[in-house]
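Heads up, the thing below is written out as structure tokens.
The values are calculated or read from the model by the stated rules, or taken from the named source; none is laboratory data. Predicted model, so just to flag it, every value in this text is computed and none were measured. Every residue, glycine among them, receives a Cβ derived from its backbone with ideal geometry; neighbour counts consider all protein chains shown.
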Amino acid sequence: MLRAATVRVSRGGSAALERQLASRHLGGGRRAASRVFPGVAGRCRHREIAVVARASSSTPPPPLALGTVGFIGAGSMAEAMARGFAESGAVSPSSMRVSRSSDAARAARWTNLGVEALASNGDVARVSDVVVLAVKPHVLPGVLTEIASHVSPETLLLSVAAGVSTSFIERAVSDARGGGGSRDDDRRFSPPRVIRVMPNTPCQVRAAASSVSAGAHSSSADLDAIASLMRAVGACVVVDESLIDAVVGVRRVPSYTGPHTTPGSGPAYVYQIIEAMADGGVLCGLPRADATLLAAQTVMGAAKMVLESGEHPAALKDKVCSPGGTTIRAVAAMEAAGVRAGMIAAVRASAERSAELGRATDEAEAKATGTGKKR
Ligand SMILES: NC(=O)c1ccc[n+]([C@@H]2O[C@H](COP(=O)([O-])OP(=O)(O)OC[C@H]3O[C@@H](n4cnc5c(N)ncnc54)[C@H](OP(=O)(O)O)[C@@H]3O)[C@@H](O)[C@H]2O)c1
């Protein structure tokens, strides 16, 4: 199976840095190759390096040594992650726990997956080595207060909540313990280890595009462990937390309207493209099912070509545009309709909205605690 990630380094970055980034993005022990895209480096602030690695797929990898992974929140994102972890063999269902869902159908799916449901969030936090915080952002402060006394120095908190910073989580847990910070004389009060993950639901089919970012008190071993976990269910990049809004922008669900939240994942842009391609096929006479199948398969094939060939998308596009042919005619029509400009604007609008919601979370906390802390 081929695995790939694209990383960026500042111009002038060394070959050693490229190798280090390749290994960070894809894990060690794999064949990695890097390539600087011609024609791009000269125009951009960054060189773009496509890194392609081949993972041995003959035997399933051994489970990661993460201990018990507990999910607080049993919704779409948690379920997609749990299914991906189980499917990939990274974490067995018997090593997972979940807080009981009030939705009977959802609860049954977790049971069928083989994951034990526990009665309270506190129970999940108490028995888990890695606690996945997978509730909506506006619910998270209450959950953190509830579990704070069960978060030990051995607990690693993994938050997928969009727009909620690691520092918010660290403060909320510390404040709920009544400590407001670390107490050198008592390990129980050491600030929590937090890793922020921005996954998306294709985790479920091991095709996620995730990012992981370290909190102030997590170790590089914590970050590596969670990056490995997310790589078991797709591609994963390690980014500074300040770049999460950009990650959200690239992968955001534009139509999402949930309360005070911005799920930073979602191939919704691509769903819209697939729908539109299928509409075009139907317009030209294809049955809907055939048109949708062809459109989806085309998108998947093109994405695999980008990931596995290491070639710049523009170069791949050029290769399929013969002079005076059908494809260049279509490309010209897309340019006239502003498809690329629209996509760039969508990513930017989403990243801005993500930053806006992150500020709103911090301001709400500052108002509640009277600390006046700002992001
Ligand atoms: N969905 C995505 O594509 C995506 C992508 C990236 C990040 N995220 C993040 O993932 C988080 C969850 O999103 P989602 O889409 O999975 O939402 P969701 O499907 O609505 O699931 C939310 C879950 O939280 C549970 N819950 C609510 N209040 C709770 C409480 N006090 N204690 C414990 N559990 C509680 C709900 O329980 P019931 O089952 O009883 O209703 C439900 O299982 C959000 O923070 C979002 O920003 C989502």
Just checking, which of 191, 202 is modelled with pLDDT of 80 or more, outside any helix (DSSP H, G or I) and farther than 18 Å from residue 128 by Cβ?
191
Identify all residues within segment 344-375 that are at pLDDT 80 or above, exposed (fewer than 14 other Cβ atoms within 10 Å of the Cβ) and of a type in the set (A, V, I, L, M); write none if there are none.
344, 345, 349
Taking segment 304-313 and keeping residues at pLDDT 90 or above and surrounded by fewer than 15 Cβ atoms within 10 Å (Cβ to Cβ) leaves 313
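Return a yes/no flag: does segment 76-99 have any residue that is within 16 Å of the ligand (Cβ to nearest atom), among the polar types (S, T, N, Q) and at pLDDT 95 or above. Working first, answer last.
Of the residues in segment 76-99, the ones within 16 Å of the ligand (Cβ to nearest atom) are 76-85, 96-99.
Now restrict to residues that are among the polar types (S, T, N, Q): 76, 99.
Imposing the further condition that a residue be at pLDDT 95 or above reduces the set to 99.
Taking every residue of segment 76-99 in turn, at least one turns out to be within 16 Å of the ligand (Cβ to nearest atom), among the polar types (S, T, N, Q) and at pLDDT 95 or above.
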Out of all the residues in segment 230-273, which are among the β-branched types (Val, Ile, Thr) and modelled with pLDDT of 80 or more?
233, 237, 238, 239, 244, 247, 270, 273
Selection status of residue 90, without any contact (Cβ under 8 Å) to a residue 40 or more places away in the chain and buried (at least 17 other Cβ atoms within 10 Å of the Cβ)
no
Do we have any residue at all in segment 106-123 that's at pLDDT 95 or above, within 11 Å of the ligand (Cβ to nearest atom), assigned to a helix (DSSP H, G or I) and within 25 Å of residue 227 (Cα to Cα)?
yes
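Quick grid of which residues meet (1) of a type in the set (A, V, I, L, M, F, W, C); (2) in contact (Cβ under 8 Å) with a residue 60 or more places away in the chain; (3) not in a helix (DSSP H, G or I):
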residue	(1), (2), (3)
327	no, no, no
330	yes, no, no
334	yes, no, no
354	no, yes, no
Exactly one of (1) within 16 Å of the ligand (Cβ to nearest atom); (2) outside any strand (DSSP E or B); (3) modelled with pLDDT of 95 or more; (4) crowded, with 20+ Cβ neighbours inside 10 Å is unmet by residue 157. Its number?
(2)
Sort out which residues of segment 80-95 are outside any loop (DSSP other than H, G, I, E, B) and touching a Phe, Trp or Tyr at 6+ places or on another chain (Cβ under 7 Å), and write them in order of number.
82
